[in-house]
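Trainee: Questions regarding the structure given below will be posed in turn.
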Amino acid sequence: MTDAPPAHPASEDAEDADGLEGIPTDREDLGEPGPPLDHRAPFYVGFVGGLGALLALWLALNVHAIGSTLMLVVVALFLAAGLNPAVEFFERHGMRRSYAVLTVILAFLAALALFLVAIVPVIADQVHALTDNVPHWLDDLQRNQQVQRLDKEYDVVAKVREYVTDGNFVGAIFGGAVGIGLAVLGALFNGFIVIVLTLYFLASLDTVKGAFYRLAPASRRDRVSKLGDRVVRSVGGYVSGAFIVAMCAGISSLIFLFIAGLGQYAVALAFVVALLDVIPMIGATIGAVIVTAIAFATDWKIGIACVVFYIVYQQLENYVIYPRVMSKSVDVPGAVTVIAALTGAALFGVVGALLAIPTAASILMLVREVWVRRQDQR
């Protein structure tokens, strides 16, 4: 008795295939599958690299298109970080996070409303008085012998009159007024958006931070969260410190202007000084130049007093007030501060200059805690 021949593998495959209902089968031999693509092949690397470059370019163009919106979001995040120390202060005194956020938001809105009600009318009146005095200053300037000599030599007054009487002047004024109006409306809208986003980020700051921290691996999440919390505290400390320094500049300018004899413009000019003092490096100088120019137009003695006062005050602010206020929030060398402010201003204007120093402080902190520490362990 002979053993039955073994079944052919193809027959078994065919029987198995026949047993699969509804699935078409092809009994034609299509050959063995080839090896997988070599991921290091020049064509594959070039093709995938080209797709990656196109994708990166597309993302860059879209990010550039929404750059203004992203800047509003970043500013709101920085302001929320600046208000967060006040929330943490109430939390340390036994208040729940939600009630602490509500208290800070109400205090912020109340302060903003009081500022608009009490300060804006005074500033408007003083700006009106300032503009009323500008023609008189121009008349005094025109009676100056040096100005008269330049007018005789270059015919400046005749050229100005010709420009004013030209028909295009009215169109230029109208276009300028429309442009200024649109710029003011845009600034008010952006300010409203920033306030709304700031309040939202402040209310959900812990949730936002937690969402970012969960992107890190579980083994490193604890360290990432501690570094992130330190960055937020640093940014918040810088924003709060900048506000304190600006308030010092504004209050000191207000007191000096009342003493010097510029009381009719004191509130408006002090507000300008405080607002510009927030801008790193050049803000305080610009404010001092504006006040000094108006003082010289009023009385040369007051102008000299302003020059002396702002030279002394800026030295006091640079070497006493600013270092003591910022010592607990940011630790940035002077050269890095200058480079960061210049770079931020070149990239994003005034907003970039404002955000450059806390950003540089955060980057330096991460470099010291991550890179330098890792290098020290090798």
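Trainee: So, in region 208-218, of the ones that are modelled with pLDDT of 85 or more and not aromatic (F, W, Y), which residue ends up nearest to I357 (Cα to Cα)? Explain how you work it out, then say what you get.
Mentor: Filtering region 208-218 for residues modelled with pLDDT of 85 or more gives 209-218.
Pick out the ones that are also not aromatic (F, W, Y) and you get 209-211, 214-218.
Working: K209: 21, G210: 25, A211: 25, R214: 27, L215: 26, A216: 26, P217: 29, A218: 31 Å.
Step by step, filter region 208-218, then rank; the result is K209.
Conditions (1) part of a helix (DSSP H, G or I); (2) aliphatic (A, V, I, L, M); (3) at pLDDT below 80; (4) under 45 Å from the mean Cα position of the chain (by Cα), marked per residue:
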site	(1), (2), (3), (4)
D26	no, no, yes, no
G31	no, no, yes, no
P36	no, no, yes, no
R40	no, no, yes, yes
L51	yes, yes, no, yes
A56	yes, yes, no, yes
L59	yes, yes, no, yes
T69	yes, no, no, yes
L72	yes, yes, no, yes
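Trainee: Out of all the residues in region 243-257, which are loosely packed, with under 15 Cβ neighbours inside 10 Å and more than 22 Å from the chain's Cα centre (by Cα)?
Mentor: Once the filter is applied, which keeps residues that are loosely packed, with under 15 Cβ neighbours inside 10 Å and more than 22 Å from the chain's Cα centre (by Cα), region 243-257 yields I251, I255.
Trainee: Follow-up question, since we're still on this one. If you check A242 against the conditions, is it assigned to a helix (DSSP H, G or I), in contact with a Pro (Cβ under 9 Å, 6 or more places away or on another chain) and within 29 Å of G344 (Cα to Cα)? I'd like the intermediate steps shown before the answer.
Mentor: Details: assigned to a helix (DSSP H, G or I): yes; in contact with a Pro (Cβ under 9 Å, 6 or more places away or on another chain): yes; within 29 Å of G344 (Cα to Cα): yes.
Criteria met by A242.
Trainee: Considering each of A360, A346, A297 in turn, give the residue that is more than 30 Å from K226 (Cα to Cα) and under 16 Å from the mean Cα position of the chain (by Cα). Walk me through how you get there before you give the answer.
Mentor: Values: A360 fails: more than 30 Å from K226 (Cα to Cα); A297 fails: under 16 Å from the mean Cα position of the chain (by Cα).
Step by step, each of A360, A346, A297 is checked, and only A346 is more than 30 Å from K226 (Cα to Cα) and under 16 Å from the mean Cα position of the chain (by Cα).
Trainee: How many residues does region 201-216 hold that are farther than 12 Å from D229 by Cα, free of Cβ contacts under 8 Å to residues at least 40 places away in the same chain and part of a helix (DSSP H, G or I)?
Mentor: 2
Trainee: Do we find a residue being out of contact with any strand residue (DSSP E or B) (no Cβ under 7 Å at 6 or more places or on another chain), part of a helix (DSSP H, G or I) and on the phi > 0 side of the Ramachandran plot anywhere in region 359-373?
Mentor: Going residue by residue through region 359-373, those that are out of contact with any strand residue (DSSP E or B) (no Cβ under 7 Å at 6 or more places or on another chain) are 359-373.
Now narrow it down to the ones that are part of a helix (DSSP H, G or I): 359-373.
Within this subset, residues satisfying the condition of being on the phi > 0 side of the Ramachandran plot are none.
Checking region 359-373: not a single residue is out of contact with any strand residue (DSSP E or B) (no Cβ under 7 Å at 6 or more places or on another chain), part of a helix (DSSP H, G or I) and on the phi > 0 side of the Ramachandran plot.
Trainee: When the residues of region 86-109 are filtered to those that are in a helix (DSSP H, G or I) and among the small types (G, A, S), which remaining residue is farthest from L355 (Cα to Cα)? Spell out the reasoning first.
Mentor: Of region 86-109, the ones in a helix (DSSP H, G or I) are 86-92, 97-109.
Adding the requirement that they be among the small types (G, A, S) leaves 86, 98, 100, 107.
Values: A86: 20, S98: 28, A100: 26, A107: 24 Å.
Per the criteria, the residue is S98.
Trainee: What are the residues in region 68-85 that are surrounded by fewer than 19 Cβ atoms within 10 Å (Cβ to Cβ) and farther than 13 Å from L355 by Cβ, if any?
Mentor: Within region 68-85, S68, T69, P85 qualify.
Trainee: Any chance region 219-229 includes a residue that's among the hydroxyl-bearing types (S, T, Y) and either within 20 Å of L83 (Cβ to Cβ) or crowded, with 19+ Cβ neighbours inside 10 Å (or both)?
Mentor: Scanning region 219-229 turns up no residue that is among the hydroxyl-bearing types (S, T, Y) and either within 20 Å of L83 (Cβ to Cβ) or crowded, with 19+ Cβ neighbours inside 10 Å (or both).
Trainee: Could you look through region 321-378, keep only residues that are aromatic (F, W, Y) and over 26 Å from I66 (Cβ atoms), and pick out the one that is modelled with the highest pLDDT?
Mentor: The initial filter retains those residues of region 321-378 that are aromatic (F, W, Y), namely 322, 348, 371.
Okay, now just the ones that are also over 26 Å from I66 (Cβ atoms), so 322, 371.
Working: Y322: 81, W371: 84.
Filtering first and then ranking leaves W371.
Trainee: Where in region 253-326 are there helices (runs of 4 or more DSSP H), lying fully within it, with 3 or more residues that are without any contact (Cβ under 8 Å) to a residue 12 or more places away in the chain, out of contact with any helix residue (DSSP H, G or I) (no Cβ under 6 Å at 6 or more places or on another chain) and more than 27 Å from P358 (Cα to Cα)? First the steps, then the outcome.
Mentor: Details: elements: 266-277, 283-298, 300-316, 322-326.
Where helices (runs of 4 or more DSSP H) fall fully within region 253-326 and carry at least 3 residues being without any contact (Cβ under 8 Å) to a residue 12 or more places away in the chain, out of contact with any helix residue (DSSP H, G or I) (no Cβ under 6 Å at 6 or more places or on another chain) and more than 27 Å from P358 (Cα to Cα), they are 300-316.
The values are calculated or read from the model by the stated rules, or taken from the named source; none is laboratory data. Quick caveat, the model's predicted, so the values are computed rather than measured. Every residue, glycine among them, receives a Cβ derived from its backbone with ideal geometry; neighbour counts consider all protein chains shown.
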